[in-house]
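> Mind having a look at this structure? Questions to follow.
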Amino acid sequence: MRSALASLIRLLAFVGKELTETIRRPGAIVSLILGPFLIMTVFGLGYNGVKRPLETVVVVPASAGLATDIATYQDLARGGLHIDEVTQDGAAAEAKLASGAIDVVVIAPEDVAARFKAGEQSVIEVQVDTVDPVDENYAGFLASLLASAINREIVKRVAEAGQSYAIAAADAAAATIPPDVVAAPTRAEVVNTAPSRPGVTGFFGPAVLALILQHLAVTLVALSLVRERTSGVIELFRVAPVSPFEVLAGKVLAFALLGGLIAATSLALLVGVLHVPMLADPRALVLTIALLLLASLGVGLFIAVVSDSERQTVQLSLLVLLASVFFSGFVLAVDEFSEPVRTLAYALPVTHGIRLLQDLMLRGSTTHAWELGALALIAAVTLVATWIRLRSSMTRA
């Protein structure tokens, strides 16, 4: 009886100790409860569930005999495509597509009426430049809707002009026009000009790599520094000939080396096993991964200096991972969020890492070189803020 009572007392003592330690760290409770709730709230308010209209240029040859004003094609395209320009210069439109300034080029066929009279179906060529299979399918769906709308417009115009061979039975040529041409004078064909057309695995492979590198860098370096802060090692650094800069530089170099080895191994698996395309210049790829790791290490170190325990460090690291999955473009495109939420997304290193790694590996180059500067800025801000906070704690009397 006494033994059971003593065991119960010891058990209750441990329970009380754990509860007391948790209550003494309100920051851990707040981050555990409010963190996920806040992320979900921001997601709910910032995501409107509406896909951004694709910026489109319509190329209408002079011999097409079709309208040349933006309003006509915008009415036909409805809301899925935003008609940015109607032009006769196909080369200029294709250059805009290659630079990323627009999403779609719609090239109208030449001499639609003559082809219709000859019983031939005209082809509306829809050019896209995307490595995302979902975006390619979406563009094809919108192109088919646009072709259907143009078909209705063509039939209407031909009928109004008294040239409807399908209706005018007195015209001997009517019998030579196939019924499918009468029903659909045009059809849409999607042409993807991207240098590679990966499947779902190939497209998301670089994104998974960026997410893994950020999470490992943030978690490992944060736990390393917070253990030294909470175990008293930082107290020893106060009397040792060690500066805050040397502490941070040592950790950054060590974990950057570890992250580089993980990145090299992951890339070998992605390319060798999953057959993800690798079109990148190795130097550009190394620079991108180095900046992604540096920015992620900066975030992890900052988490460590604002946390009061390992428990809170782990919680904050997981919150960063959760926010990265929601807002980085890993699942949903960043441009589908409202402007304030997009600003939050661009504060995450993985947002830039995903875009750059996908461009480099699947395209061989990127039109978003500014994101390299964004990674460098994130690294600079977080590392300087960490150095200031760490210097204050190491020089405190």
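The values are calculated or read from the model by the stated rules, or taken from the named source; none is laboratory data. This structure is a prediction, so every number in the text was calculated from the model and none was measured. Don't worry about glycine lacking a Cβ; one is built from the backbone with ideal geometry, like all the others, and counts go over all protein chains shown. Quick note on the areas: whole protein, heavy atoms, side chains included, nothing else; ligands and nucleic acids left out. Shrake-Rupley method; radii C 1.70, N 1.55, O 1.52, S 1.80 Å.
> Filter segment 127-168 down to the residues that are charged (D, E, K, R), modelled with pLDDT of 60 or more and part of a helix (DSSP H, G or I), then identify the one that is least open to solvent (accessible area, probe 1.4 Å).
Filtering first and then ranking leaves GLU136.
> Please find, among VAL105, VAL112, the residue that is in contact with an Asp or Glu (Cβ under 7 Å, 6 or more places away or on another chain), more than 20 Å from GLY329 (Cα to Cα) and crowded, with 17+ Cβ neighbours inside 10 Å.
None of the other options fit; the residue is VAL105.
> Still on this structure, please answer the following. So VAL331 clears everything in (1) at pLDDT 90 or above; (2) surrounded by fewer than 17 Cβ atoms within 10 Å (Cβ to Cβ) except one condition, right? Which one?
(1)
> Still on this structure: Select from segment 356-375 the residues that are of a type in the set (A, V, I, L, M, F, W, C) and either surrounded by fewer than 22 Cβ atoms within 10 Å (Cβ to Cβ) or within 17 Å of LEU293 (Cβ to Cβ) (or both) and list them in ascending order.
Hits for segment 356-375 are LEU356, LEU357, LEU360, MET361, ALA369, TRP370, LEU372, ALA374, LEU375.
> While we're here: Within segment 357-397, how many residues are part of a loop (DSSP other than H, G, I, E, B) and farther than 16 Å from THR130 by Cβ?
4
> Please give the number of the condition LEU66 fails out of (1) at pLDDT 75 or above; (2) surrounded by 15 or more Cβ atoms within 10 Å (Cβ to Cβ).
Checking LEU66 against (1) at pLDDT 75 or above; (2) surrounded by 15 or more Cβ atoms within 10 Å (Cβ to Cβ), the one that fails is (1).
> Shifting gears a bit: Given (1) closer than 24 Å to ALA264 by Cβ; (2) of a type outside the set (Asp, Glu); (3) at pLDDT below 90, where does ARG396 come up short, assuming only one miss?
Failed condition: (1).
> Evaluate segment 72-83: report whether one residue or more is assigned to a loop (DSSP other than H, G, I, E, B) and open to solvent by less than 40 Å² (accessible area, probe 1.4 Å).
yes
> Please verify whether segment 187-207 includes one or more residues that are open to solvent by less than 20 Å² (accessible area, probe 1.4 Å), closer than 30 Å to GLN121 by Cα and modelled with pLDDT under 85.
no
> Another one. Take segment 17-63 and flag every residue that is small (Gly, Ala, Ser), assigned to a helix (DSSP H, G or I), surrounded by fewer than 16 Cβ atoms within 10 Å (Cβ to Cβ) and at pLDDT 65 or above.
GLY44
> Give segment 84-114 a look and list any residue that's in contact with a Pro (Cβ under 7 Å, 6 or more places away or on another chain) and either part of a helix (DSSP H, G or I) or over 21 Å from ILE70 (Cα atoms) (or both), or say none.
Across segment 84-114, the qualifying residue is only VAL112.
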